[in-house]
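The values are calculated or read from the model by the stated rules, or taken from the named source; none is laboratory data. This one's a predicted model, so the numbers in the text were calculated from it and none came from an experiment. Positions of Cβ are generated from backbone atoms using ideal geometry, with glycine treated the same way; all protein chains shown enter the neighbour counts.
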């Protein structure tokens, strides 16, 4: 449930007149939100004060919103490194055989090359949160759901296929986490991959933009069940 859907849900639950509702909406639209007071708090309290929304209705709407947005808290993570570690931990929770690389596992390992290791397979993890690309609001406000109709942009950066065998991309929506597993060769040859992320680009570093127009191209790589180990090994064999 995105915020616009939440607003519609609140308005549809109001049992007062349309004139009363429109009056409240006008008041809310002209108000300036300052944390922790926001337009939804203002809207709900006004509708309750008018007698057109009960406390029990509010509790039901609140519970539904929370249950339909289980990953909204991830959009509140501010540090990019912390978000990246979340993605790795999330994947390790799906497969206990995924290990953090080290020189003991890989004598040629160097930091910044790849993130996880599975039976000799070098894995690079990239993660992105899906937000409305036309909004300047904080991430947790502009977070989108999997079935969104809003335009979005995910930018998977610093792609260096020469240092890994498999890429795992993690996309966080407010209601779902999607995982794609691809071989390094598939990422290298992806026609949407930009080969010059930075000037110089000495390390063949690239990036790939995923939008509402091309996200379907990743369908064949999506993890559909919990057996990510099998998908990783199959992807490695496609190199």
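For residue 97, indicate whether it is surrounded by fewer than 16 Cβ atoms within 10 Å (Cβ to Cβ), in a loop (DSSP other than H, G, I, E, B), assigned by TED's automatic domain parsing to the domain that holds residue 130 and in contact (Cβ under 8 Å) with a residue 24 or more places away in the chain. Yes: the conditions hold for residue 97. Listed by first and then second residue, the pairs with beta-carbon distance under 6 Å, at least 6 apart or on different chains, first residue in the stretch 140-164 and without any contact (Cβ under 8 Å) to a residue 60 or more places away in the chain, second surrounded by fewer than 21 Cβ atoms within 10 Å (Cβ to Cβ) and in a helix (DSSP H, G or I), are 161/188.
If you check 106, 137, 119, 115, which single one turns out to be within 19 Å of residue 223 (Cβ to Cβ), free of Cβ contacts under 8 Å to residues at least 40 places away in the same chain and more than 14 Å from the chain's Cα centre (by Cα)? Can you show your working first?
Values: 106 fails: within 19 Å of residue 223 (Cβ to Cβ); 137 fails: within 19 Å of residue 223 (Cβ to Cβ); 119 fails: free of Cβ contacts under 8 Å to residues at least 40 places away in the same chain.
Within the list 106, 137, 119, 115, the selection yields 115.
Checked against the criterion of being at pLDDT 95 or above and not in a helix (DSSP H, G or I), the stretch 70-81 has at least one qualifying residue.
The set of residues in the stretch 104-124 that are assigned to a loop (DSSP other than H, G, I, E, B) and buried (at least 20 other Cβ atoms within 10 Å of the Cβ) comprises 114, 115.
Per-residue answers, yes or no, for (1) in the same structural domain as residue 229 (by TED's automatic domain parsing); (2) at negative phi:
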| residue | (1), (2) |
| --- | --- |
| 13 | no, yes |
| 42 | no, yes |
| 61 | no, yes |
| 80 | yes, yes |
| 87 | yes, yes |
| 104 | yes, yes |
| 112 | yes, no |
| 124 | yes, yes |
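The single condition among (1) touching a residue at least 60 places away in the same chain (Cβ under 8 Å); (2) touching a helix residue (DSSP H, G or I) at 6+ places or on another chain (Cβ under 7 Å) that residue 86 does not meet is (1). Entry remark, the stretch 170-189: residues being more than 15 Å from residue 221 (Cα to Cα), out of contact with any helix residue (DSSP H, G or I) (no Cβ under 6 Å at 6 or more places or on another chain) and buried (at least 20 other Cβ atoms within 10 Å of the Cβ) number 1 in total. Counting just the residues of the stretch 125-146 that are touching a strand residue (DSSP E or B) at 6+ places or on another chain (Cβ under 8 Å) and in a helix (DSSP H, G or I), which one comes out surrounded by the most Cβ atoms within 10 Å (Cβ to Cβ)? Filtering first and then ranking leaves 142. Once the stretch 213-237 is narrowed to residues that are at pLDDT below 95 and part of a loop (DSSP other than H, G, I, E, B), the residue that is nearest to residue 148 (Cα to Cα) is 213. Could you tell me whether the stretch 16-27 includes any residue that is touching a helix residue (DSSP H, G or I) at 6+ places or on another chain (Cβ under 9 Å), closer than 18 Å to residue 137 by Cβ and modelled with pLDDT under 95? Taking every residue of the stretch 16-27 in turn, none turns out to be touching a helix residue (DSSP H, G or I) at 6+ places or on another chain (Cβ under 9 Å), closer than 18 Å to residue 137 by Cβ and modelled with pLDDT under 95.
Matching residues to (1) surrounded by fewer than 17 Cβ atoms within 10 Å (Cβ to Cβ); (2) in a helix (DSSP H, G or I); (3) over 20 Å from the mean Cα position of the chain (by Cα):
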position	(1), (2), (3)
51	yes, no, yes
56	yes, yes, yes
63	yes, yes, yes
66	yes, yes, no
84	yes, yes, no
88	no, yes, no
91	no, yes, no
102	yes, no, yes
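Examine the stretch 163-184 for a residue that is under 23 Å from residue 113 (Cα atoms), modelled with pLDDT under 85, assigned to a loop (DSSP other than H, G, I, E, B) and touching a strand residue (DSSP E or B) at 6+ places or on another chain (Cβ under 8 Å), and state whether such a residue exists. No, the stretch 163-184 has no match at all.
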